[in-house]
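Presented below is the structure to which this report refers.
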Amino acid sequence: MEEEDVAALATPQQFKALGHPMRHRLLFALGRGEATISQLAATLGSNKGNIAHHLKVLTDAGLVLPAGTRQVRGGTEQYYRRAHRAVQFHDAAITQVAFSAIATEIAAAEPEPFLVLRNLRLNPGHLERIAASLRDLADEEDDADDDPRYGLLLGLYRPGTNAGAGARAP
């Protein structure tokens with residue numbers, strides 16, 4: 001993935017913008033392509049005022065951009081798009097909010113999502129090969145526009161020393 005395709009969160013405005021699960025859901029929805037407030041409201045099961053508010057916060061933070069307009073029945077529809085293909089963050093509170101939004105997306109998935117959480121013991125060579133494979137997967141471009149869209153959640157992490165306190169390691 002090109003560096004300019006990834007937004008590394010740096011400003012308080014960006015952290016605040018991602019402090020609400022609806023804004024993560026908007027970024028997920030805009031990952032499918034450009035959309036209007038009405039389209040996003042229908043997709044996310046919310047009202048247009050709520051969507052407009054959250055889009056403004058994301059736009060002010062530089063995470064969403066206006067993507068053009070279209071004349072419709074005497075009015076003008078504004079389209080929006082994500083400013084970056086991906087967002088990178090290393091803040092625990094934002095990570096928790098992001099996972100809440102991801103859980104909402106996965107819960108609504110059709111057909112049933114495939115999820116696996118397991119622990120691996122990896123030497124440095126294995127770790128680098130797996131990390132490289134995951135980066136390659138994340139960097140793949142979309143295929144044909146007419147193919148169904150799937151979400152892909154990748155993660156490789158070494159649990160912190162306090163993770164699972166009281167539980168025995170496998």
> Mind listing which trypsin sites (Lys or Arg not before Pro) in the stretch 30-104 are in a DSSP loop and have 13 or fewer other Cβ atoms within 10 Å?
Replying inline: ARG32, ARG73
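What trypsin sites (Lys or Arg not before Pro) does the stretch 87-129 have in DSSP loop regions with at most 12 other beta carbons within 10 Å? Intermediate results must be reported in sequence, preceding the final value.
Working: sites: ARG118, ARG121, ARG129; in loops: ARG118, ARG121.
Loop-located and lightly packed - ARG118, ARG121.
Given the DSSP H assignment, sum -39500 (n - 2.57) over each helix run of at least 4 residues in the chain and divide by its residue total; what's the result at 222 nm in deg cm²/dmol, nearest 500? If you can, show how the numbers build up before the last one.
Values: 6 runs with 69 residues, N = 170.
Per the formula, -12500 deg cm²/dmol.
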> Which residue, ALA109, ALA61, ALA52, has the most motion in a Gaussian network model of the chain that connects Cα atoms within less than 10 Å?
Replying inline: ALA109
>> Looking at the calculated P(r) for the stretch 41-99, what percent of the C-alpha pair distances fall above 16 Å?
In response: 61
> For the stretch 79-117 and the stretch 24-39, what is the separation of their Cα centres, given in Å?
Replying inline: 13
> Whats the longest run of the chain with zero chymotrypsin sites (Phe, Trp or Tyr not before Pro) that are DSSP loop and have at most 15 other Cβ atoms within 10 Å?
Replying inline: 1-113
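With all protein chains present, how much of the accessible area of the chain (probe radius 1.4 Å) comes from carbon and sulfur, to the nearest whole percent?
52
Between LYS16 and GLU110, what length in nm is gained on full extension when 0.36 nm per residue of separation is reduced by their alpha carbon distance?
Values: separation 94, 0.36 × 94 = 33.84 nm, distance 3.08 nm.
30.8 nm is the gain from fully extending LYS16 to GLU110.
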>> Starting from 0.36 nm per residue, how many nanometres of slack lie between GLN96 and ALA67 once their C-alpha separation is accounted for?
In response: 7.5 nm
> Could you give the longest part of the chain that holds none of the GluC sites (Glu not before Pro) found in DSSP loops with at most 16 neighbouring Cβ atoms within 10 Å?
Replying inline: 35-139
> Taking amide hydrogens as modeled 1.01 Å from N in the peptide plane, which residues meet the under 5 Å criterion relative to ARG81, leaving out close sequence neighbours?
Replying inline: LEU65, ALA67
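Where only protein heavy atoms count, and the probe is 1.4 Å, what is the accessible area per residue for the chain in Å²?
On the way: 12260 Å² over 170 residues.
For the chain, the per-residue accessible area is 72 Å².
The values are calculated or read from the model by the stated rules, or taken from the named source; none is laboratory data. For clarity, every value in this text was computed on a predicted model and none was experimentally measured. Positions of Cβ are backbone-derived with ideal geometry, glycine not excepted, and every protein chain shown enters the neighbour counts. The protein model used for the area step is the full one, side chains on, heavy atoms only, and it has no ligands, DNA or RNA in it. Shrake-Rupley method; radii C 1.70, N 1.55, O 1.52, S 1.80 Å.
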